[in-house]
Amino acid sequence: MAQIGNCCNDQIVGVNDALCFTIVLDDTDGTAIDLWNDATTFVINGTIMVENNGTIGVAPTASLTVNGTPVGGFIVEPGEARSITMNDINSIGIVGAGGTPVGSTANVKVSFSLNYKF
């Protein structure tokens, strides 16, 4: 549990936050959907997991972007899940691509843990 306010006399306090939610993803035409942005000066590290619960052969793929840049090779096909641990995370986004027929969607679960010190 995080120590808040004047509860700790340590010089540096570590915080671990976890978020999890599901989005309905379709083809985003190459544009990332913003999921989280850091508005602090903290260096934030963490693990991001994407689970594509779409129908195999129908739903779009889900690709991850971090700090506005696609994460190389991080493409989650329908029925698959992937995770990655990264340093200095400032933003997290997701891009949907494809799907048959056009307009097909997938329920995509995104969860991430964020770790930082202040």
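Given the criterion under 16 Å from Leu114 (Cα atoms), among the hydrophobic types (A, V, I, L, M, F, W, C) and out of contact with any Asp or Glu (no Cβ under 9 Å at 6 or more places or on another chain), identify the matching residue among Ile33, Ile44, Ile48, Ile23. Even if it seems obvious, please write down each step before you answer.
Values: Ile33 fails: under 16 Å from Leu114 (Cα atoms); Ile44 fails: out of contact with any Asp or Glu (no Cβ under 9 Å at 6 or more places or on another chain); Ile23 fails: under 16 Å from Leu114 (Cα atoms).
Unique residue meeting the criteria: Ile48.
Would you mind telling me which numbered condition in (1) part of a loop (DSSP other than H, G, I, E, B); (2) in contact with a Gly (Cβ under 7 Å, 6 or more places away or on another chain) Thr41 fails?
All conditions pass for Thr41, except number (2).
Regarding segment 61-83, can at least one residue be identified that is open to solvent by 10 Å² or more (accessible area, probe 1.4 Å), within 18 Å of Ala18 (Cβ to Cβ) and touching an Asp or Glu at 6+ places or on another chain (Cβ under 7 Å)?
Scanning segment 61-83 turns up at least one residue that is open to solvent by 10 Å² or more (accessible area, probe 1.4 Å), within 18 Å of Ala18 (Cβ to Cβ) and touching an Asp or Glu at 6+ places or on another chain (Cβ under 7 Å).
Hey, does segment 15-25 have a residue that's in a loop (DSSP other than H, G, I, E, B) and either loosely packed, with under 15 Cβ neighbours inside 10 Å or not β-branched (Val, Ile, Thr) (or both)?
There is no residue in segment 15-25 that is in a loop (DSSP other than H, G, I, E, B) and either loosely packed, with under 15 Cβ neighbours inside 10 Å or not β-branched (Val, Ile, Thr) (or both).
Condition first: without any contact (Cβ under 8 Å) to a residue 60 or more places away in the chain and within 25 Å of Thr41 (Cβ to Cβ). Now tell me which residues in segment 78-118 satisfy that.
Kept after step one, since they are without any contact (Cβ under 8 Å) to a residue 60 or more places away in the chain, are these residues of segment 78-118: 78-92, 100-101.
Ile84, Thr85, Met86, Asn87, Asp88, Ile89, Asn90, Ser91, Ile92, listed by residue number.
Kindly evaluate Ser113 against the criterion of being surrounded by fewer than 19 Cβ atoms within 10 Å (Cβ to Cβ), part of a strand (DSSP E or B) and touching a Gly at 6+ places or on another chain (Cβ under 9 Å).
Details: surrounded by fewer than 19 Cβ atoms within 10 Å (Cβ to Cβ): yes; part of a strand (DSSP E or B): yes; touching a Gly at 6+ places or on another chain (Cβ under 9 Å): yes.
So Ser113 passes the test.
The values are calculated or read from the model by the stated rules, or taken from the named source; none is laboratory data. These numbers were taken from a predicted model, which means no experiment stands behind them. Methodologically, a virtual Cβ is constructed for each residue, glycine included, from the backbone with ideal geometry; neighbour enumeration extends over all protein chains shown. These accessible areas exclude ligands, DNA and RNA; they are computed on the full protein's heavy atoms, side chains included. Shrake-Rupley method; radii C 1.70, N 1.55, O 1.52, S 1.80 Å.
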